[in-house]
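Before any comments, here is the structure.
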Amino acid sequence: VANAASATNADNATTANVADLASSATNADNATTANLADLATFATNAGNATTANIADIANSVAAENITGEIQGSQINGDNFIVESVAFTPSVGVLSLDASSSIDPTHTIIRVIGNGGAVTLTSNPQILDANDGQFLILVGTSDTNSVTLVDGNGLQLAHNIGFPLGEGDMINLIYDAVYDVWREVSRSDN
């Protein structure tokens, strides 16, 4: 789309600078690459955006502290449809001792016990976050596992603790109203 900035309706654009397109466009359909923050700010109607950086739309959709990329997404009116999401994991492995609190700076955090198996006794076990924030903890060692216990800011299913051994995962969501991380699911691999 060579002249997208002056278009009033740009249909089937394969690559467009959305800031330029949206500043003068009233309808940008079928753009295959789009910056949704610019699109949400400037465009009246944007459909079928197939690649977008979720960090760019965080302010537009009140999705704070989310990192990663959305693939195959659409914006239709006020609805935001996500077909797949890829989150950026933390770099390296977080080594924990019993008194450690996990800081949820990434959506995916790999953990290991410092010098052996560890049961977290810290309060809180996981630091507070934004309401609705997701956290996936992944164990990296059966020998140096990290066990989460129910309580101390963590609400586990059926009040049952969970040792994170190699490949084990637990999915959590933060509930700011009750100041607690709630278990969504776990996988004992």
Next on the checklist: For a protection proxy built on the mean count of beta-carbon atoms within 10 angstrom, sort 106-118, 135-147 highest first, please.
Outcome noted: 135-147, 106-118
Item to check | Under 5 Å, built H, 5+ apart or other chain: amide partners of Gln155 | outcome: Trp181, Arg182, Glu183
Checklist entry - Which residues' amide hydrogens lie under 5 Å from the amide hydrogen of Arg110, considering only partners 5 or more residues apart or on another chain, with H built in the peptide plane? => result Ser90, Leu94, Val138
Item to check | Amide H contacts of Thr147 (H built 1.01 Å from N, under 5 Å, at least 5 apart or other chain) | outcome: Val118, Thr119, Leu120, Leu164
Checklist outcome for this item: Hydrodynamic calc, the stretch 150-189: Kirkwood Rh from Cα pairs, then Stokes-Einstein at 20 °C with viscosity 1.002 mPa s, so D in µm² s⁻¹ is 203
Checklist entry - For the residue pair Tyr178 and Val85, what label-to-label distance in nm results when each label sits 7 Å from Cα along the Cα-to-beta-carbon direction? => result 2.0
Item to check | Karplus-derived HN-Hα couplings along the stretch 164-169 (A = 6.51, B = -1.76, C = 1.60, θ = phi - 60°), whole Hz, x at Gly and Pro | outcome: 8, x, 4, x, 6, 9
Checklist outcome for this item: Diffing the stretch 93-99: the Karplus 3J(HN,Hα) column from phi (6.51, -1.76, 1.60, θ = phi - 60°), in whole Hz with x for Gly and Pro, holds 10, 7, 8, 10, 10, 4, 8
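Any read-out appearing in this document is the output of simple, stated calculations on the displayed coordinates, not a laboratory observation. Everything numeric in this text was worked out from a predicted model, so none of it was measured. Counting neighbours? That spans all protein chains shown, and the Cβs are built from the backbone with ideal geometry, glycine included.
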